[in-house]
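Remarks on the structure that follows.
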Amino acid sequence: MPTAPSVQPTSAVQPTFEAFDDAATPLSEVTFVVVDLETTGGSPDTCGITEIGAVRVRGGEILGELQTLVDPGTPVPAMIATLTGITTSMVRGAPTIAEVLPTFLEFARGAVLVAHNAPFDVGFLRAAAARSGHAWPAPPVVDTVALARRALTRDEVPNNKLATLAGFFRASTTPVHRALDDARATVDVLHGLLDRLGVLGVTTLEDLATASDPVPPARRQRRHLADGLPDAPGVYQFVDGGGEVLYVGTSTNIRTRVRSYFTAAETRRRMTEMVMLAERVVPVVCGTVLEARVRELRLIAEHRPRYNRRSRFPERQPWVRLTVEPFPRLSVVREVGGPGGPGGATHIGPFGSRATAQLAVEALHEAFALRRCTGRLPLVPSPRASACALAGMGRCGAPCTGAQGPDDYAVVASKVRAALLGDPEPVVAAHARRIAGLVTEERFEEAAAVRDRLEAFLRGAARAQRSRRLAAIPQLVAARRADTGGWEVVVVRHGRLCATATTPPRTDPRSTIEALVATAEQVEPPDLPAGRAHPEEIDLVLAWLEDEGVRLVDVGPGWACPVRGAEAYRVRGASPAVVAVAAGRAEDAAGTSTA
């Protein structure tokens with residue numbers, strides 16, 4: 001039977017450290033259970049445990065020990081018996097692992113599990129728990145082999161075997177392939193490694209969890225930048241010594257996220273450079289995750305941090321405009337200007353790049369005989385004007401020569417405006433026919449180019465239609481249940497998040513809503529379809545509003561989108577162009593079947 005845990009004196013002293021992370025667990029206060037197993041072989045699936053030895057230690061003091069032989073249920077191989085000295089006759093009559101495991105799990109309860117080559121020992125214990133029907137508690141695990149690779153150089157030790165490390169750290173017990181002796185030796189090795197890692201800033205349990213990461217010491221030592229940061233959702237800003245904001249990020253837990261920048265979890269080269277320049281981290285705690293994401297966008301747009309790659313220049317996101325003139329044309333512009341709708345400038349977008357916006361323009365030219373020249377045309381054409389090649393191809397009515405008058409051209413422009421604001425079916429149909437013909441001819445690369453043009457148009461049109469329905473509303477109030485039991489409440493005006501709060505659990509949210517509405521930021525009406533916010537902020541707010549469980553508390557007229565608009569082709573995880581072409585084929589097939 002297992003020997004009862006006993007408290008024994010020891011000369012090993014777990015190192016102490018002068019400074020600890022206030023929000024973390026100092027290593028001197030962590031309870032470790034160092035375990036070692038002897039087995040009949042190397043695979044937990046086909047081999048059994050013959051001996052368990054474990055030492056419970058905290059602050060350099062041994063709190064107890066556990067040792068027992070285990071009957072593996074099979075003979076001990078001769079090679080294993082020679083190596084460990086454990087024979088079949090020794091384990092015959094010993095308790096089985098099903099009998100021993102509950103005692104060990106109780107002995108290790110609440111502790112960090114430590115082993116030399118931990119995947120081996122923990123793998124056997126986990127497999128034994130599964131076979132015997134015991135729940136594996138999944139404790140934190142520390143591998144002294146991994147720590148040794150981080151703390152020691154090849155000049156100091158030729159390898160990371162337990163016997164080598166025990167000799168290097170002058171362990172009080174020599175490992176001899178018996179479980180308790182090897183566990184005792186591993187305790188001394190653990191203390192020696194913690195002493196080495198302490199100078200690298202590994203002073204807490206959280207530090208130890210990533211101590212084996214291949215992180216340069218200079219970067220790891222800057223983990224103090226996370227000291228005192230809140231365990232709350234919000235925005236964090238890395239700032240250098242001159243006050244320049246280097247990087248802005250957001251997280252549901254600011255402190256945990258900032259600490260990850262000093263571990264191997266952060267692999268981006270530019271982030272390593274940024275961390276080495278930073279002198280402090282400025283947190284902004286937010287009431288809701290939506291507020292945190294919106295604040296991140298606004299701070300990036302305000303400071304334009306050099307290490308942020310997205311959202312820095314919202315004014316550079318282009319739009320496609322159908323101009324206001326006697327003979328309207330398509331133009332790629334930087335901003336929305338003038339009222340939309342019949343008789344006014346009409347826009348779709350914004351697009352991620354000018355090249356993408358140009359693809360959308362090409363998609364519209366594919367479907368409509370709209371002029372492509374860039375200059376303004378007079379009502380009375382010049383006698384010397386001559387038509388371009390597009391007119392001869394039937395792709396333009398040649399208003400520049402008077403062949404097409406303003407009224408006839410207005411009919412074409414109105415169809416383009418309808419496709420932009422409402423039903424994009426003419427654009428979809430033209431591209432579906434073109435793609436089908438190219439595929440039949442096995443011209444797949446050209447078909448892909450046509451698909452990309454349709455994709456750009458549908459995304460830009462859908463984004464404009466979505467933006468318009470939110471930006472047009474002077475005030476929208478919505479709420480959804482918070483994880484804490486209260487309500488997350490938002491006030492949005494012309495697409496801009498103007499106020500947000502989370503109400504306490506089991507309280508009437510109406511008073512909070514009234515206060516938010518009364519104190520929310522005032523916003524002037526925008527030029528539609530643009531709103532009074534960063535385009536990505538509008539996307540974030542819309543995504544939040546579309547989440548399951550969101551309730552509209554107050555919304556003005558206009559909260560709708562065209563039934564057959566470009567949004568109809570938005571399917572999660574699918575390309576709008578592919579959805580549109582597939583829908584067109586299905587309609588054609590249905591029409592053929594009916595005929």
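The values are calculated or read from the model by the stated rules, or taken from the named source; none is laboratory data. Just so it is clear, the structure is predicted and the values come from calculations on it, not from any experiment. Heads up, the Cβs are rebuilt from the backbone with ideal geometry, glycines too, and the neighbour counts pull from every protein chain shown. In case anyone asks, the SASA skips ligands and DNA or RNA and just uses the protein heavy atoms, side chains included. Shrake-Rupley method; radii C 1.70, N 1.55, O 1.52, S 1.80 Å.
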Can you work out which of the residues in region 203-216 that are at pLDDT below 80 and either among the β-branched types (Val, Ile, Thr) or open to solvent by 60 Å² or more (accessible area, probe 1.4 Å) (or both) is farthest from residue 115 (Cα to Cα)?
-> 216
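Restricting attention to region 550-576, report how many residues are open to solvent by 50 Å² or more (accessible area, probe 1.4 Å) and either in a helix (DSSP H, G or I) or in contact with a Lys or Arg (Cβ under 8 Å, 6 or more places away or on another chain) (or both). I'd like the intermediate steps shown before the answer.
Kept after step one, since they are open to solvent by 50 Å² or more (accessible area, probe 1.4 Å), are these residues of region 550-576: 551-555, 557, 559-561, 563-564, 568, 570-573.
Still in the list and also either in a helix (DSSP H, G or I) or in contact with a Lys or Arg (Cβ under 8 Å, 6 or more places away or on another chain) (or both): 551, 559-561, 568.
Selection size over region 550-576: 5.
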Does region 355-386 hold any residues that are of a type in the set (Gly, Ala, Ser), more than 18 Å from residue 325 (Cβ to Cβ) and either in contact with a Ser or Thr (Cβ under 8 Å, 6 or more places away or on another chain) or in a loop (DSSP other than H, G, I, E, B) (or both), and which are they?
-> 386
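Just to be sure, is residue 315 loosely packed, with under 14 Cβ neighbours inside 10 Å, out of contact with any strand residue (DSSP E or B) (no Cβ under 8 Å at 6 or more places or on another chain), at pLDDT below 90 and of a type in the set (Asp, Glu)? Quick ask: steps written out before the conclusion?
Details: loosely packed, with under 14 Cβ neighbours inside 10 Å: yes; out of contact with any strand residue (DSSP E or B) (no Cβ under 8 Å at 6 or more places or on another chain): yes; at pLDDT below 90: yes; of a type in the set (Asp, Glu): yes.
Here the answer is yes, as residue 315 does meet what is asked.
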Of 337, 352, the only residue that is of a type outside the set (S, T, N, Q), under 26 Å from residue 577 (Cβ atoms), open to solvent by 10 Å² or more (accessible area, probe 1.4 Å) and in a loop (DSSP other than H, G, I, E, B) is 352
Residue 100 meets each of (1) in a helix (DSSP H, G or I); (2) open to solvent by less than 20 Å² (accessible area, probe 1.4 Å); (3) within 23 Å of residue 188 (Cα to Cα) with one exception, condition (3)
Output the qualifying pairs, or none if there are none: Cβ atoms under 6 angstrom, residues six or more apart or on different chains, first residue in region 360-378 and within 14 Å of residue 396 (Cα to Cα), second residue small (Gly, Ala, Ser) and surrounded by fewer than 22 Cβ atoms within 10 Å (Cβ to Cβ).
-> 366/430; 367/430; 369/397
Any residue in region 156-171 that's part of a helix (DSSP H, G or I): show its pairings with residues that are open to solvent by 40 Å² or more (accessible area, probe 1.4 Å) at Cβ separation under 7 Å, as long as the two are six or more apart or on different chains.
-> 164/158; 166/174; 168/156
Count - residues of region 393-445 that are outside any loop (DSSP other than H, G, I, E, B) and over 17 Å from residue 578 (Cα atoms) | 19
Over region 174-189, the set of residues surrounded by 19 or more Cβ atoms within 10 Å (Cβ to Cβ) and either without any contact (Cβ under 8 Å) to a residue 60 or more places away in the chain or touching an Asp or Glu at 6+ places or on another chain (Cβ under 9 Å) (or both) is 175, 179, 180, 182, 183, 184, 185, 186
